[in-house]
1. Restricted to the stretch 18-31, and to residues that are closer than 22 Å to Leu47 by Cβ and among the hydrophobic types (A, V, I, L, M, F, W, C), which residue is surrounded by the fewest Cβ atoms within 10 Å (Cβ to Cβ)?
2. Kindly list, by first and then second residue, each pair from a residue in the stretch 109-122 that is over 14 Å from His252 (Cα atoms) to a residue that is part of a helix (DSSP H, G or I), limited to pairs with Cβ atoms under 7 Å and residues at least 6 apart or on different chains.
3. Starting from residues that are touching a strand residue (DSSP E or B) at 6+ places or on another chain (Cβ under 6 Å) and assigned to a loop (DSSP other than H, G, I, E, B), keep the ones in the stretch 257-279 and report whichever is surrounded by the most Cβ atoms within 10 Å (Cβ to Cβ).
4. With Thr179, Thr169 as the choices, which residue is more than 30 Å from Asp215 (Cα to Cα), surrounded by fewer than 22 Cβ atoms within 10 Å (Cβ to Cβ), touching a residue at least 40 places away in the same chain (Cβ under 8 Å) and in contact with a Gly (Cβ under 8 Å, 6 or more places away or on another chain)?
5. Of all the strands (runs of 3 or more DSSP E) wholly in the stretch 99-190, which have at least 2 residues that are over 21 Å from the mean Cα position of the chain (by Cα)?
6. Out of the residues in the stretch 122-159 that are out of contact with any strand residue (DSSP E or B) (no Cβ under 6 Å at 6 or more places or on another chain) and either crowded, with 24+ Cβ neighbours inside 10 Å or charged (D, E, K, R) (or both), which is farthest from Ile41 (Cα to Cα)?
7. Can you find a residue that is modelled with pLDDT under 95, outside the structural domain of Gly313 (by TED's automatic domain parsing) and among the acidic types (Asp, Glu) anywhere in the stretch 117-139?
8. Being modelled with pLDDT under 95 and either small (Gly, Ala, Ser) or part of a loop (DSSP other than H, G, I, E, B) (or both), is that true of even one residue in the stretch 70-88?
Amino acid sequence: MNVGITAVGHYTPSLVLTNEELVARFGLDVDAEWIESRTGIVSRHWLQPDETTSDLVVGAARRILDRAGRQPVDVDLLIVATISPDYPSPATATIAARKLGCRCPCFDLSAACAGFLYALEIGANAVRGGAHNVLVVAADARSRFLDPNDRRALVLFADGGAGVLLGPTTEPGLLATHTGAEGRQRMGAHIPAGGAMRPASAATVAAGQHYLQVDGRREIFDLFIEYTRETTDAVLERAGLTLADIDLFITHQGNARMVEAVVAALDIDPERAVNSIAHHGNVSGATVPLALSEAVQSGRIEAGDKVLITSVGAGYTFGSAIYEFP
């Protein structure tokens, strides 16, 4: 028995903001062409005022279950990878399970942009332990944590949810996974207040400490490439493969220039890599499963293809997986 992907799916909110609309809404001191040239982003999806992260989970989950021919009551385990939960407590997974009609163990997992890879590894181990339908969804609502005066964050981040349904298979399926982390004093990106270190107060709100703060571009790019290389080498070794065996490479879609830098550093043919950020922006942990879902639905992935997915996230979490499609 191996672990297979029964179905993939994604959900993005109906509100679409083009670069022109973003510039006009926030009075940015750049134009649409400037944003696209530096990020590769043309438009992004943001939550409607009455939507939240659990709605992203539910939207993606319903599409996944429909494609798999399963009902919510069939789900044995629900794992939600998110760093923008509906509430600090309880877990967003419990709220999504109620909305879906699931009655199974469910929990949130916080590993930033690498969250889907962490959740995939845990979900795969649950299947190996006897579970038949494990729903793994990454969802983030980054628009809710953006400083309206922070141009860099505004142009990059967006909202969305995507994931997979895992189950046992006799096909090759999931060939290998690898996850890791290296805590650093500078975390890549973080929200200073709202946790036990600095509980929310009038003072923290006035100081804008509940907004997302991102480290310098150069430092992030260098570490992103370093950790992507490390986890890629590790997962290939576990699978007994080389990059030449990989048909499609999907890394975290955080910035088109970052994707290009990783592809170049690993000496991967750009034709064998996904760069899908243009109409989604950076949706944190959901970028990799969203790109995978679109690749499957567009027919870009064929039977027998081996797909390598990687990501690096805040706190310098990182992960990778190799999947062979039947």
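The values are calculated or read from the model by the stated rules, or taken from the named source; none is laboratory data. The model shown is predicted, which means the values in this text are computed figures rather than measured ones. We place every Cβ from the backbone using ideal geometry, glycine too, and count neighbours over all the protein chains shown.
1. Ala24
2. Going by the 7 Å Cβ cut-off, the qualifying pairs are Leu109/Gly115; Leu109/Tyr118; Leu109/Ala119.
3. Ranking the candidates gives Val274 first.
4. Thr169
5. Output list reads 159-169.
6. Only one residue tops the list, namely Arg128.
7. The initial filter retains those residues of the stretch 117-139 that are modelled with pLDDT under 95, namely none.
Checking the stretch 117-139: not a single residue is modelled with pLDDT under 95, outside the structural domain of Gly313 (by TED's automatic domain parsing) and among the acidic types (Asp, Glu).
8. Here is the first cut: in the stretch 70-88, the residues modelled with pLDDT under 95 are 88.
In the following step, the residues that additionally are either small (Gly, Ala, Ser) or part of a loop (DSSP other than H, G, I, E, B) (or both) were identified as 88.
Yes: the stretch 70-88 contains one or more residues that are modelled with pLDDT under 95 and either small (Gly, Ala, Ser) or part of a loop (DSSP other than H, G, I, E, B) (or both).
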